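The structure appears right after this line, and notes come after that.
The values are calculated or read from the model by the stated rules, or taken from the named source; none is laboratory data. Given the structure is predicted, the values throughout are model-derived calculations rather than measurements. All Cβ positions, glycine included, derive from the backbone under ideal geometry; neighbour counts span all protein chains shown.
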Amino acid sequence: MKRFSMMVLTALATACVAPPAVAPPAASVAQQVEPLPLAPLSPAMSEVFDGKALRVILCGTSSPLPDPNRAKACTLVVAGEKAYVIDTGPESWEQLARMQVPGARIAGIFITHFHSDHIGDLGEFRMQTMVAGRRQMLPVHGPRGVTNLVAGFNLAYEEDARLRLAHHGAGVVDLANSPLRAAEFGKAFIGNLDAEEVILQDGDLVVTAFEVDHDPIRPAVGYRFDWKGRSVVVSGDTAASANFTANARGADVLVTESLAPNLIGMAQQQMKSAGNERVAKIMADIPDYHISPLDAAKTANEAGVKLLVYSHHIPSAQVNLPPFFAGVAAVRPADQWVIGWDGLRIDLPAGTAEIRQSELLPRSN
Ligand SMILES: [Zn+2]
Ligand SMILES: [Zn+2]
């Protein structure tokens, strides 16, 4: 017994004086090392970043339920030579990696609201852009709540950055600049549905945040990107509202969420008959804080939007069934709306009125 106690004490003493497995790196050493050059751009990405157009790439078009072909909410906007990400839903980094989007070109992230299907991959964006060669902290723009969000992901991923620095060296990892930086808006978006704010001006790019109606989720915003006379609006999660329509006015592209109330209604009944009251309750709760495909088309018509892009499909597994878009064809011409998929690319060349569609990943079923 006595011998056993001594062994335990010795082991404890050893544990107390043993150095941590990964010692914190000295910042001065990290700064002296030249960064390794950025990876060459793929042919498609050389075109995407040629500085001649405002572009939209969908990197996540699903909603919370699992869909093997789609990541959760994510839209990439390329303005000139920089990329901006609106929402970082789960699996969305993976889609950008499949398209070979260069992480070091991502100059900012914009969060629409704090539901998990819009934020889950934020840590992955922190890590992957760092490894890709990012040399400044990554701004994460958002309304009240973004400071907590960023602090949490920074804390969770801090040790990962240290481990990668220890393994790959300061030529790959710029530890001092690896964190996300919260950029909280000045204005409070509290549910008045009349607020908007210019939150970023970077060269020719102007980004405006506007309040949307995802009630009772407050704050919740959408974003508008204006660059050299071309414009893209991303709705976030929202029901129809006058503020949404006003901020989408005249946009070349509106990327909107949508929920098919007919299909969600059927799912609710099925869940109820199967005795799954919990999911049936959720299905009953969600229609009034999302927009239907038909109402999104009416919003786009009223706002004079040129191309309406459906994303964040609810339920996404049924998005290619005709009932999902019931009524849309009657109010909007077929060449003015598209059912988005992960990898859809839209180009808006400066100095033109052109809207070109192509794909970086094959269209999913
Ligand atoms: Zn939401
Ligand atoms: Zn959502």
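Give region 132-142 a look and list any residue that's assigned to a loop (DSSP other than H, G, I, E, B) and either modelled with pLDDT under 95 or not aliphatic (A, V, I, L, M) (or both), or say none. I'd like the intermediate steps shown before the answer.
First pass over region 132-142, keeping only residues assigned to a loop (DSSP other than H, G, I, E, B): 132-137.
Within region 132-142, Gly133, Arg134, Arg135, Gln136 qualify.
Is it true that Gly89 is without any contact (Cβ under 8 Å) to a residue 40 or more places away in the chain and within 16 Å of ligand 1 (Cβ to nearest atom)? Yes: the conditions hold for Gly89. In region 194-215, the residues that are in contact (Cβ under 8 Å) with a residue 60 or more places away in the chain and over 15 Å from Thr245 (Cβ atoms) reach residues that are part of a loop (DSSP other than H, G, I, E, B) and among the polar types (S, T, N, Q) with C-beta atoms within less than 7 angstrom, at least six apart or across chains, in these pairs: His214/Thr238. Within the option set Ile264, Ile355, Ile282, Ile291, being surrounded by 22 or more Cβ atoms within 10 Å (Cβ to Cβ) and among the β-branched types (Val, Ile, Thr) holds for one residue only, Ile291.
Name the one entry in Gly169, Gly145, Gly120, Gly152 that is within 16 Å of ligand 2 (Cβ to nearest atom), surrounded by fewer than 19 Cβ atoms within 10 Å (Cβ to Cβ), modelled with pLDDT of 95 or more and not hydrophobic (A, V, I, L, M, F, W, C).
On the way: Gly169 fails: within 16 Å of ligand 2 (Cβ to nearest atom); Gly120 fails: surrounded by fewer than 19 Cβ atoms within 10 Å (Cβ to Cβ); Gly152 fails: within 16 Å of ligand 2 (Cβ to nearest atom).
Exactly one residue qualifies, and that residue is Gly145.
Among residues of region 52-66 that are under 13 Å from Thr256 (Cα atoms), those with a beta-carbon under 9 Å from a residue that is aliphatic (A, V, I, L, M) and within 11 Å of ligand 2 (Cβ to nearest atom) at least six positions away or on a different chain give the pairs Gly60/Ala73; Thr61/Ala73; Ser62/Ala73; Ser62/Ile314; Ser63/Ala73; Ser63/Leu259; Ser63/Ile314.
Just give me the residues in region 287-340 being within 16 Å of ligand 2 (Cβ to nearest atom) and among the small types (Gly, Ala, Ser), in sequence order. Hits for region 287-340 are Ser292, Ala296, Ser311, Ser316, Ala317, Gly340. In region 67-80, the qualifying residues are those that are in a loop (DSSP other than H, G, I, E, B) and touching a residue at least 12 places away in the same chain (Cβ under 8 Å), and the one that is farthest from the chain's Cα centre (by Cα) is Gly80.
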